[in-house]
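Encoded as structure tokens, the structure appears first; notes follow it.
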Amino acid sequence: MTTNEQIARRRTFAIISHPDAGKTTLTEKFLLYGGAIQSAGSVKGKASDKHAVSDWMDIEKQRGISITSSAMQFEYEGFCINILDTPGHQDFSEDTYRTLMAADSAVMVIDAAKGIEPQTRKLFKVCAMRGIPIFTFINKLDREARDPFDLIDELEKEFGIGTYPMNWPIGCGRDFKGVYDREKRRILAFDEFHAGRKRIESIDVELDDTARLDELIGERARTELCEQVELLDAASFDFDIDKVQNGKLSPVFFGSALNNFGVEAFLEQFLKLTTPPRSHKVGERELSPFDDGFSAFVFKIQANMNKMHRDRIAFMRICSGKFERGKEYFHVRQGKNIKLSQPQQLMAQEREMISEAYAGDIIGVFDPGIFSIGDTVCDASMKIEFDGIPTFAPEHFAEVEQTDSMKRKQFQKGMEQIAEEGAIQIFFMPGRGMERVVVGVVGMLQYEVLEHRMKTEYNVGYRQTPLRYQLIRYIGEGSPDPSTLRLSRDTLWVKDVKGNDLLLFESEFDIRWALENNKTLSLYEFNK
Ligand code: G4P
């Protein structure tokens with residue numbers, strides 16, 4: 001196969017959901033279809049060994065949750081699919097956001113009984129910011145569910161995009177009879193006893209074939225289905241593939257991941273409608289994945305993959321061309337040629353050494369401490385630099401104070417390295433030195449991870465005091481010298497590692513107060 005053929009068959013997507021909506025179960029079914037795993041329960045087992053394939057960190061295992069995101073590759077019907085798993089716990093981190101930067105589309109799993117939940121909302125915003133296609137899988141129809149019209153209404157209102165139900169549920173819970181495929185005009189009948197053991201055959205049936213429908217789903221369900229489909233045809237958006245591929249219209253599927261119901265139909269449609277690897281911005285121009293030459297950017301750095309060695313792995317998304325093991329590539333920020341050593345990919349459960357990879361793929365390489373989030377690596381002849389990965393605003397802040405003055409160096413090194421990996425953000429309080437810093441995180445769990453890692457990897461303890469700030473703003477150019485600002489008691493001036501001045505606020509009220517009392521002050525948000 002040529003490089004271009006290899007690239008054209010890649011499909012790289014992130015799977016997102018609120019915890020417990022069924023993301024792991026759905027991923028597992030995808031892997032089963034791709035033949036990448038042999039049995040259900042391989043991705044996440046029950047109780048005691050309840051860990052996902054991405055469990056690399058100790059703390060993650062202890063808590064039985066997935067903090068880190070990983071990428072998995074499998075083949076299905078000629079496609080080479082990369083799934084980017086996003087951490088499923090409520091206390092997710094900036095890494096979750098960054099993972100979305102490496103995906104070409106997103107699959108959003110929603111619990112039919114719950115609808116949109118906070119985590120889905122946050123992740124959705126990042127997808128929308130990038131205009132990537134979003135496919136919605138409304139899960140758990142085998143349980144009592146909310147009205148399907150309500151659910152799609154909520155999606156449209158909350159997210160401000162159109163939806164297009166590809167299929168429509170026939171009942172739910174005990175009365176769940178299956179789904180009606182709007183395009184193919186047929187019914188996929190639900191049989192709880194099938195439980196994913198074999199493929200379900202769909203039954204072609206016209207909605208006006210009353211006798212046949214009554215036989216299949218019963219008269220009451222038939223009447224309801226016909227009414228609902230009529231309403232849907234009249235009221236829903238028209239299907240428009242361009243809108244789907246630009247993230248303006250989300251195809252919606254109903255099903256039950258646990259029962260393996262509607263999963264295969266979803267996967268098939270998804271692969272048909274989603275995009276192959278998309279182009280990436282390099283300054284003013286767009287770099288096509290088919291452009292000659294290898295290029296990639298680092299979107300995640302994972303420390304502590306092997307506890308014996310303090311090793312780090314840098315995960316890169318390949319944006320163009322073909323990666324070849326052993327070849328020298330150019331590390332743009334450092335301005336030098338490097339060899340990417342121990343290149344690997346995660347195939348279902350195993351990390352495998354690889355000798356080649358293509359645009360759309362995610363590879364992990366050994367990082368001796370030379371990579372930072374957002375770095376570009378490319379063929380020496382290209383010397384391009386991808387637009388950086390945005391920094392996401394921390395939502396929690398704490399003051400961290402080093403308690404053992406003998407360990408100043410370790411404290412500094414640990415904080416800096418962990419910040420470089422992008423797990424936390426550190427801020428300095430002008431005039432207070434390096435012994436006391438403000439640590440900002442997206443998810444509270446990162447504080448535990450930080451403490452654990454500082455102790456085990458750097459052998460340093462510290463005192464941590466939660467701060468009540470919730471909002472963070474950069475101070476804009478042309479603003480007064482920050483040391484002369486009139487600020488309320490609930491506002492703190494800090495600097496980031498690059499020397500930018502920022503203000504932390506407890507509430508919107510404090511922001512207004514600062515702006516009203518400092519006429520030439522301008523503030524701006526992250527990623528705006
Ligand atoms: P997550 O990764 O999004 O956090 O969710 P996960 O797949 O772990 O699913 C959360 C729970 O929901 C699991 O049950 C899972 O079996 C269940 N589930 C997933 N899909 C469906 C579905 O279509 N119907 C029903 N009824 N349940 C579903 P659990 O008891 O928490 O875990 P486990 O012991 O089954 O692993």
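The values are calculated or read from the model by the stated rules, or taken from the named source; none is laboratory data. Keep in mind that what you see is a predicted model, and the values were worked out from it rather than measured. Ideal geometry is used to build each Cβ from the backbone, glycine not excepted, and the neighbour counts take in all protein chains shown. Remember, those area values only see protein heavy atoms, side chains included, never the ligands or the DNA or RNA. Shrake-Rupley method; radii C 1.70, N 1.55, O 1.52, S 1.80 Å.
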Of the numbered conditions (1) in a strand (DSSP E or B); (2) within 16 Å of the ligand (Cβ to nearest atom), Y164 fails exactly one; give the number of that condition. (2)
Of all strands (runs of 3 or more DSSP E) completely enclosed by segment 346-415, which ones contain at least 3 residues that are free of Cβ contacts under 8 Å to residues at least 60 places away in the same chain? 350-353
Close pairs from segment 477-494: first closer than 11 Å to L521 by Cβ, partner exposed (fewer than 15 other Cβ atoms within 10 Å of the Cβ) and among the hydroxyl-bearing types (S, T, Y), Cβ under 6 Å, at least 6 apart: S479/S522; P480/T520
For residues that are within 16 Å of the ligand (Cβ to nearest atom) and open to solvent by 50 Å² or more (accessible area, probe 1.4 Å), scanning just segment 143-161, find the one that is farthest from K272 (Cα to Cα). E144
From F323, F254, F294, grab the single residue that is within 16 Å of the ligand (Cβ to nearest atom) and at negative phi. F254
